[in-house]
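Structure record follows, encoded as structure tokens.
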Amino acid sequence: MLFPDYRPRRMRQNETLRRMIRETVLTVDDLILPLFAIEGKGIKNPIPSMPGHYQLSIDNLVKTALTAEKLGIPAIMLFGLPDKKDPLGTKAYAKDGIVQKAVKDLKNKLSDMVVITDVCLCQYTDHGHCGVLQGDTIDNDASLDLLAKVALSHAKAGADMVAPSDMMDGRVSEIRETLDENGLSHIPVMSYSAKYCSAYYGPFREAAHSAPQFGDRRTYQMDPSNALEAIREASMDVEEGADVIMVKPALSYLDIICRIRDEIDLPVAAYNVSGEYAMVKAAEKMGWIDGEKVMMETLTSIKRAGADMILTYFAMEAAEILRKNQ
Ligand code: PBG
Ligand code: ZN
């Protein structure tokens, strides 16, 4: 197929032809909206680095979720901000914890939206790490039991799916076993399998008050330089019983999404993280880019790389545009 016999431009002449040969089509079914729950009533605290996003008390959280459901967004990913932190993150697995309460209300008010909960300790520990400490280091195996307790308490409250984001070794099997032993074998696990130690999480840590109080997360989150290791992490999670494999962040890691898509036959999710959102919003505000076009191009590229699900702070805006274009 060489010029002049083949002319790729022939099939690009007008929108109808382009539509006919389009390989990747983003739909609202691909989107998952992350939301932040906080204690209190009537609270809607704007998150400065994430315009359009808020820390929401449960009443407002339910309203937002209902709007998302009306737009056709199939799922939300729920993060909680507790009223108290301690070394063991006990509020993460408390029956009256913020996520547990929010899930109950959400499941009462929503019709069939899927409520996924983020399972981690960092918002709940006073040191801000995703596992418990032994001196100054993170104790992997001692954290597993607590993470399983978090997942179990979420599922008992009514969560439809649990998503461990801590990056401790062995947590997927620990969570899977605990759910199964408690009659919750129908609850899927979405594993943050290839979660990189990324500076793109900055705005999220401001939103969720989850920054580590000393050191960093390099002993548990992945080194951005590694790709084969992502395959090993994902393969382990498959063996341990994960139902969905996640890559995070998305944009600097499109190659990882693509490789995991090729190697693993489970559904793949990608997390278009807070910093990726903030950069688009900031450049749009400066008048330097067309924010809406960049958003749609970004989401389409994540799907083209191989993601079946995209966790994104753009979910509402993108869903509105997709609906208009229908
Ligand atoms: C913590 C967690 C993080 C995100 C989701 N869960 C950040 C971190 O590891 O510090 C990041 C999400 C985002 O940046 O949008 N377990
Ligand atoms: Zn964490």
Can you name the number of the only condition in (1) surrounded by 24 or more Cβ atoms within 10 Å (Cβ to Cβ); (2) under 26 Å from Ala270 (Cα atoms) that Ile73 fails? (1)
Going residue by residue through region 279-288, is there one that turns out to be farther than 27 Å from Ile187 by Cα, among the hydrophobic types (A, V, I, L, M, F, W, C), outside any helix (DSSP H, G or I) and open to solvent by 10 Å² or more (accessible area, probe 1.4 Å)? yes
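Matching residues to (1) at pLDDT 95 or above; (2) of a type outside the set (Asp, Glu):
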| residue | (1), (2) |
| --- | --- |
| Val99 | yes, yes |
| Val103 | yes, yes |
| Lys109 | yes, yes |
| Val114 | yes, yes |
| Leu121 | yes, yes |
| Thr125 | yes, yes |
| Cys130 | yes, yes |
| Asp136 | no, no |
| Asp139 | yes, no |
Residue list for region 294-326, restricted to those being open to solvent by 60 Å² or more (accessible area, probe 1.4 Å) and within 28 Å of Ala194 (Cα to Cα): Glu297, Arg304, Asp308, Glu317
Of the residues in region 239-267 that are hydrophobic (A, V, I, L, M, F, W, C) and surrounded by fewer than 22 Cβ atoms within 10 Å (Cβ to Cβ), the one that is nearest to Ile187 (Cα to Cα) is Val244
Which residues, counting only those in region 126-153, are within 13 Å of ligand 1 (Cβ to nearest atom) and in contact with a Lys or Arg (Cβ under 6 Å, 6 or more places away or on another chain)? Leu147
If you check Ser210, Ser193, which single one turns out to be in contact (Cβ under 8 Å) with a residue 24 or more places away in the chain, open to solvent by less than 10 Å² (accessible area, probe 1.4 Å), assigned to a strand (DSSP E or B) and among the hydroxyl-bearing types (Ser, Thr, Tyr)? Ser193
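The values are calculated or read from the model by the stated rules, or taken from the named source; none is laboratory data. Source: prediction; values computed, not measured. When we count neighbours, we look across all protein chains shown, and the Cβ atoms used for this are built from the backbone with ideal geometry, even at glycine. Surface areas here come from the heavy atoms of the whole protein model, side chains and all, with no ligands, DNA or RNA. Shrake-Rupley method; radii C 1.70, N 1.55, O 1.52, S 1.80 Å.
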